[in-house]
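Trainee: The structure that follows is given in the form of structure tokens.
The values are calculated or read from the model by the stated rules, or taken from the named source; none is laboratory data. Worth saying up front: this structure is predicted, and the values here are computed from it rather than measured. We place every Cβ from the backbone using ideal geometry, glycine too, and count neighbours over all the protein chains shown.
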Amino acid sequence: MPLCLDLVSYNWKFKLGAQWQNFSNQIEEFNNVLGEKGTLKYDNSTVVTEGLIFASAEYILNDKLTANGQLGYNIYNLDNSGINPSNDANLDYSIKGNTKVLPRVGVNYKLTSTVNTSLSYAQGVGYPSIFEWVDTDSGLFSNTLDAETSDNLELSFKGRKSTGKGEFDWLVSGYSARVTNTITERENEEVITFYENSGESSQLGLEGQVSYSESFGFSAVKVYATFTYNDYALKNDTGSTKLNIAGIPDYVAGFGAQWKRKGLSLDLNGRYVSEITTTLGEDYNSETDYLLLNAKAGYAFNKKKLWRYAVELGANNLLDQTYTSFYRLNATGKIYNPMAGFNIYASLKVNFN
């Protein structure tokens, strides 16, 4: 939980804060023998400590323009211990003092009574996973591996307007990000996988969403749509050539409609995902585009009593599409994350207030 202190003086607002978290993971992986658990492959224990100390300031120039900034000091420590019984590989590894200073600045401007715009610049950090620090099969350590860092610039416009009994909301946002110290998978002369920081990637995107909601009598209705365009590219080691990044679709669109009346609710939603390249830098070996449709209906009982009950019946993937929701590519380009086809479900929720 973060600890914050607010200091307000005239048009200035200052905030000082800190947060700290410590978590551990114990992983035991076994060999697969014809679908049965075999011998122990490795036993691995990880303890990670993360901390953040930050200071932020906001200045209200007038009723239209506000400027803000933040400076954060990020702390990351990792301790790993374990062993691979098959070759007695020692998996003990420790990372100390892996810190980053992260700035952020932004301005917000009220164009009209119903339209606002904001511009922001921020730096971010992404620390490697334990499986990038340490190869659990061989015990090889990526001693020089550093965190990925990014520079992000974002411009957005949003608006809200009341129309009779309804409300219309919209948002358009564009961003540009440059990720450096990109973590890349390699193999050494012994064909052992390791990771290193190599090259950089550029990420350009455009996002939009629109929704309309209205209440009439005991009923309420909402319809919405979202859209995302992605243009991601990875530069090679010399920076002379840009390569497509596998697993990122160019277009994603979402839509839905919701209706509620007293305890009854109906929901229909969907998502369209364009073709996804599964080979780095190439347009072949691609997954086809797909359209998902989901629907559900529910009814809530005893809304004003201590005990409350709700039942729900739903169906996912009404068109029985073949797809995967995320991509993890190995050396041969195979994908092992198939999602469920058409399926139905029912649920009962009990709440005590």
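Trainee: Taking the stated definitions as given, is Asn31 surrounded by 17 or more Cβ atoms within 10 Å (Cβ to Cβ) and at pLDDT below 90? Please lay out each step first, then the result.
Mentor: Numbers: surrounded by 17 or more Cβ atoms within 10 Å (Cβ to Cβ): no; at pLDDT below 90: yes.
For Asn31, the condition - surrounded by 17 or more Cβ atoms within 10 Å (Cβ to Cβ) and at pLDDT below 90 - is not met.
Trainee: I want to confirm something. Restricting to the stretch 194-232 and keeping residues that are surrounded by 15 or more Cβ atoms within 10 Å (Cβ to Cβ), out of contact with any helix residue (DSSP H, G or I) (no Cβ under 9 Å at 6 or more places or on another chain) and of a type in the set (Phe, Trp, Tyr), which single residue is farthest from Val172 (Cα to Cα)?
Mentor: Among them, the one singled out is Tyr232.
Trainee: Which ones in the stretch 123-135 are acidic (Asp, Glu) and either touching a residue at least 60 places away in the same chain (Cβ under 8 Å) or over 30 Å from Asp88 (Cβ atoms) (or both)?
Mentor: Residues of the stretch 123-135 that are acidic (Asp, Glu), as a first pass: 132, 135.
Scanning the stretch 123-135 gives a single hit, Glu132.
Trainee: Residues that are at pLDDT below 90, touching a helix residue (DSSP H, G or I) at 6+ places or on another chain (Cβ under 9 Å), over 25 Å from Phe30 (Cβ atoms) and in a strand (DSSP E or B): does the stretch 132-148 have at least one?
Mentor: No: the stretch 132-148 contains no residue that is at pLDDT below 90, touching a helix residue (DSSP H, G or I) at 6+ places or on another chain (Cβ under 9 Å), over 25 Å from Phe30 (Cβ atoms) and in a strand (DSSP E or B).
Trainee: In the set Arg160, Arg186, which member is without any contact (Cβ under 8 Å) to a residue 24 or more places away in the chain and among the basic types (Lys, Arg)? Before you say what the answer is, go through the steps one by one.
Mentor: Values: Arg160 fails: without any contact (Cβ under 8 Å) to a residue 24 or more places away in the chain.
Answer to the check: Arg186.
Trainee: Report those strands (runs of 3 or more DSSP E) wholly inside the stretch 1-114 carrying at least 1 residues which are in contact with an Asp or Glu (Cβ under 8 Å, 6 or more places away or on another chain). Before the answer, list the steps.
Mentor: On the way: elements: 3-9, 12-33, 36-60, 65-84, 93-110.
Counting at least 1 such residues, we get 12-33, 36-60, 65-84, 93-110.
Trainee: Output the residue which, of all residues in the stretch 178-204 that are part of a strand (DSSP E or B) and out of contact with any Phe, Trp or Tyr (no Cβ under 9 Å at 6 or more places or on another chain), is farthest from Gly139 (Cα to Cα). Can you show your working first?
Mentor: If we filter the stretch 178-204 for residues that are part of a strand (DSSP E or B), which is where we start, we get 178-180, 183-187, 193-197, 201-204.
Now drop any that are not out of contact with any Phe, Trp or Tyr (no Cβ under 9 Å at 6 or more places or on another chain), which leaves 178-180, 193, 196-197.
Numbers: Arg178: 32, Val179: 28, Thr180: 27, Thr193: 11, Glu196: 16, Asn197: 19 Å.
Ranking the candidates gives Arg178 first.
Trainee: Just checking, which of Asn74, Asn68, Asn62 is under 25 Å from Lys110 (Cα atoms), among the polar types (S, T, N, Q) and touching a residue at least 40 places away in the same chain (Cβ under 8 Å)? Even if it seems obvious, please write down each step before you answer.
Mentor: Working: Asn74 fails: under 25 Å from Lys110 (Cα atoms); Asn62 fails: touching a residue at least 40 places away in the same chain (Cβ under 8 Å).
Result of the check over Asn74, Asn68, Asn62: Asn68.
Trainee: Still on this structure, I have one more. Being of a type outside the set (S, T, N, Q) and under 23 Å from Val48 (Cβ atoms) is the requirement here; does Asp169 meet it?
Mentor: Numbers: of a type outside the set (S, T, N, Q): yes; under 23 Å from Val48 (Cβ atoms): no.
Taking the combined requirement at face value, the residue does not satisfy it.
Trainee: Looking at (1) under 22 Å from Thr46 (Cα atoms); (2) assigned to a strand (DSSP E or B); (3) without any contact (Cβ under 8 Å) to a residue 40 or more places away in the chain; (4) not small (Gly, Ala, Ser), which one does Leu155 not meet, given that it meets all the others?
Mentor: With (1) under 22 Å from Thr46 (Cα atoms); (2) assigned to a strand (DSSP E or B); (3) without any contact (Cβ under 8 Å) to a residue 40 or more places away in the chain; (4) not small (Gly, Ala, Ser) applied to Leu155, the lone miss is (1).
Trainee: Sticking with this one: For the stretch 158-177, what are the residues that are assigned to a strand (DSSP E or B) and of a type in the set (D, E, K, R)? Walk me through how you get there before you give the answer.
Mentor: First pass over the stretch 158-177, keeping only residues assigned to a strand (DSSP E or B): 158-163, 166-177.
Within the stretch 158-177, Lys158, Arg160, Lys161, Glu167, Asp169 qualify.
Trainee: For residues that are in contact (Cβ under 8 Å) with a residue 40 or more places away in the chain and charged (D, E, K, R), scanning just the stretch 290-317, find the one that is surrounded by the most Cβ atoms within 10 Å (Cβ to Cβ).
Mentor: It comes out as Arg308.
Trainee: Condition first: at pLDDT 90 or above, touching a strand residue (DSSP E or B) at 6+ places or on another chain (Cβ under 7 Å) and surrounded by 11 or more Cβ atoms within 10 Å (Cβ to Cβ). Can you find one or more residues in the stretch 332-341 that meet it?
Mentor: For the stretch 332-341, residues at pLDDT 90 or above, touching a strand residue (DSSP E or B) at 6+ places or on another chain (Cβ under 7 Å) and surrounded by 11 or more Cβ atoms within 10 Å (Cβ to Cβ): absent.
Trainee: Kindly indicate which of Ser162, Ser138, Ser120 is more than 30 Å from Asp88 (Cα to Cα), surrounded by 16 or more Cβ atoms within 10 Å (Cβ to Cβ) and either out of contact with any Leu (no Cβ under 9 Å at 6 or more places or on another chain) or of a type in the set (S, T, N, Q) (or both).
Mentor: Details: Ser162 fails: surrounded by 16 or more Cβ atoms within 10 Å (Cβ to Cβ); Ser138 fails: more than 30 Å from Asp88 (Cα to Cα).
Of the residues listed, the single one that is more than 30 Å from Asp88 (Cα to Cα), surrounded by 16 or more Cβ atoms within 10 Å (Cβ to Cβ) and either out of contact with any Leu (no Cβ under 9 Å at 6 or more places or on another chain) or of a type in the set (S, T, N, Q) (or both) is Ser120.
Trainee: Does Leu171 satisfy the criteria of being touching a strand residue (DSSP E or B) at 6+ places or on another chain (Cβ under 7 Å), at pLDDT 95 or above and either hydrophobic (A, V, I, L, M, F, W, C) or surrounded by 15 or more Cβ atoms within 10 Å (Cβ to Cβ) (or both)?
Mentor: Numbers: touching a strand residue (DSSP E or B) at 6+ places or on another chain (Cβ under 7 Å): yes; at pLDDT 95 or above: yes; either hydrophobic (A, V, I, L, M, F, W, C) or surrounded by 15 or more Cβ atoms within 10 Å (Cβ to Cβ) (or both): yes.
Against the criterion (touching a strand residue (DSSP E or B) at 6+ places or on another chain (Cβ under 7 Å), at pLDDT 95 or above and either hydrophobic (A, V, I, L, M, F, W, C) or surrounded by 15 or more Cβ atoms within 10 Å (Cβ to Cβ) (or both)), Leu171 qualifies.
Trainee: Separate question: Of Leu348, Leu306, Leu313, which residue is of a type in the set (A, V, I, L, M), modelled with pLDDT under 85, more than 26 Å from the chain's Cα centre (by Cα) and over 24 Å from Asn230 (Cβ atoms)? Reasoning before the result, please.
Mentor: On the way: Leu348 fails: modelled with pLDDT under 85; Leu313 fails: modelled with pLDDT under 85.
Every option except Leu306 fails the conditions.
Trainee: Let me spell it out: the conditions are (1) modelled with pLDDT of 95 or more; (2) within 27 Å of Ile248 (Cα to Cα), and Thr279 meets all of them except one. Which number is the exception?
Mentor: (1)
Trainee: Name the one entry in Arg186, Arg178 that is touching an Asp or Glu at 6+ places or on another chain (Cβ under 8 Å), of a type in the set (Lys, Arg), surrounded by 13 or more Cβ atoms within 10 Å (Cβ to Cβ) and closer than 30 Å to Asp146 by Cα.
Mentor: Working: Arg186 fails: surrounded by 13 or more Cβ atoms within 10 Å (Cβ to Cβ).
Result of the check over Arg186, Arg178: Arg178.
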